[in-house]
Ligand code: GLY
């Protein structure tokens, strides 16, 4: 049973894209035009600042703060806008985590992670011979956890100052009147077309008769109606009434498990932030049911006593040390981490200096430590998540990572309600102790149980300087690469003295214990690659790692805001 339900409601260069169609203005204010917008990768603002996955959502966040809203108002409005304009990960049918620090110094987190439905069972994704059927946990009705995002928005609302109806209006307008899509959105929608058709039971706005093209307008009338019900009735407009009936009716069509009771009982949970020190900086992260904060803590502390700055940025010496830290931190994940309301997670030990130092006792700077000598297991996770970093004029800091899990989640659109449901059930260990179809091994801590939250890697993060003043707001999508991406970005800033844009633009590497290989982005230094190979590392080139959104507060109080160059991510502010 859940024990800890405390509060249940609770630079400048411009890039490429500009879209030309008939102009239309959405609230709030003429500054946000869904038919003409540009992607801006970095800027320095003196006041409110936002970095997130879509330029329209960033612009709405900045507008909300211009109209007197604070970072929490912006957080609500941005999440809702992303649910419309960033359909592959922005959502109202998924979940996530918010990490915040109010200007008066209070830090807190809101856990709005999905839960397993009441009818979920430990072996629900195994066939009669006990073999995992991973497609069932990834696609379609049975893959869906009980959504947490709308409860998370209303748990954030007490910290906001503007009325909810104002905060949701821009999203309603975007859904109702449409917005023009980018090249990458068009190609993602086209690539997923077949899967939408297979996994949805009614026509959806995400599928049209011809291929999507950059500059096309996406209108989502049913989603607009759902958002209006939330505007009118609050969280009940989602978890009860017509929207709940539509979700349950959808579930019943194809063996989905979410019931009216599951929806009505869903609660967001306020949890204490996971805080730790790194060389005098205070780092504030997300505690379980995300593994993100613990892994980030272990990574930072495993390298803290080494002169990384002297080793130099992405030299063989610094990369090898960071790889070995990553290997060890990830080895703990599946054995020890799960939903703390169902499994005793030894957070104190896992984040203690003594334990972490001990984990590096067998570190050898001359060679790779084979993962076979380090015990534990790891869960495969999808990388399609999205992150929002915000700071307002007063200095309230908000860092939110939210997800549907897979790109476009379960690919199941709720008929009549116009939104995608998550496939977060795949983040559970579908067969504890046995590798799943992806070769990933899960643990008992993360076995499926009704009402339980599945383990995540999301790592929304804040950093305070040595005087406890705001320094960095950061986060990224990327499944298990999330904590390593945040780790490398913080090290780039704190140790290698980079600005935010450089810190996120550099190539990344990732090791997660199993498989025993170092994944590197294609721009990674070939000479360092060769040297690592000669030390016993297996290196695999892969696509992009992470899409960081970072705000760095400069000594004069202005904010350097950077959006990852890897996507349509964009900054805004004033
Ligand atoms: N679904 C990705 C994560 O929660 O880490």
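The values are calculated or read from the model by the stated rules, or taken from the named source; none is laboratory data. This structure is a prediction, so every number in the text was calculated from the model and none was measured. A quick note on method: Cβ atoms are made from the backbone with ideal geometry, for glycine too, and the neighbour counts reach across all protein chains shown.
Taking the criterion of being surrounded by fewer than 24 Cβ atoms within 10 Å (Cβ to Cβ) and either within 12 Å of the ligand (Cβ to nearest atom) or not in a loop (DSSP other than H, G, I, E, B) (or both), the only residue of segment 405-428 that qualifies is 407.
Restricting the search to helices (runs of 4 or more DSSP H) fully inside segment 124-197 and requiring at least 2 residues that are under 20 Å from residue 456 (Cα atoms) and touching a strand residue (DSSP E or B) at 6+ places or on another chain (Cβ under 7 Å) gives 149-156.
Identify, please: which residue in segment 447-460 is in a strand (DSSP E or B) and more than 11 Å from the chain's Cα centre (by Cα) and is, among those, nearest to the ligand (Cβ to nearest atom)?
Per the stated criteria, the residue is 453.
Of the residues in segment 363-384, none is modelled with pLDDT of 90 or more, within 12 Å of the ligand (Cβ to nearest atom) and buried (at least 24 other Cβ atoms within 10 Å of the Cβ). Any chance you could count how many residues in segment 469-483 are more than 8 Å from the ligand (Cβ to nearest atom) and either within 18 Å of residue 557 (Cβ to Cβ) or assigned to a helix (DSSP H, G or I) (or both)? Selection size over segment 469-483: 7. Inspect all residues belonging to segment 46-68 and state whether any of them is modelled with pLDDT of 95 or more, in a loop (DSSP other than H, G, I, E, B), surrounded by fewer than 22 Cβ atoms within 10 Å (Cβ to Cβ) and on the phi > 0 side of the Ramachandran plot. Checking segment 46-68: at least one residue is modelled with pLDDT of 95 or more, in a loop (DSSP other than H, G, I, E, B), surrounded by fewer than 22 Cβ atoms within 10 Å (Cβ to Cβ) and on the phi > 0 side of the Ramachandran plot.
Go through the residues of segment 252-269 one by one and say whether even a single one is within 16 Å of the ligand (Cβ to nearest atom), in a helix (DSSP H, G or I) and crowded, with 23+ Cβ neighbours inside 10 Å. Talk me through it step by step, then tell me what you get.
Step one: list which residues in segment 252-269 are within 16 Å of the ligand (Cβ to nearest atom), which gives 268-269.
Filter again for in a helix (DSSP H, G or I), leaving none.
Within segment 252-269, not a single residue is within 16 Å of the ligand (Cβ to nearest atom), in a helix (DSSP H, G or I) and crowded, with 23+ Cβ neighbours inside 10 Å.
For segment 282-298, the condition of being surrounded by 21 or more Cβ atoms within 10 Å (Cβ to Cβ), over 19 Å from the mean Cα position of the chain (by Cα) and not in a loop (DSSP other than H, G, I, E, B) holds for at least one residue. May I ask you to verify whether residue 245 is surrounded by fewer than 21 Cβ atoms within 10 Å (Cβ to Cβ), modelled with pLDDT of 95 or more and outside any helix (DSSP H, G or I)? No.
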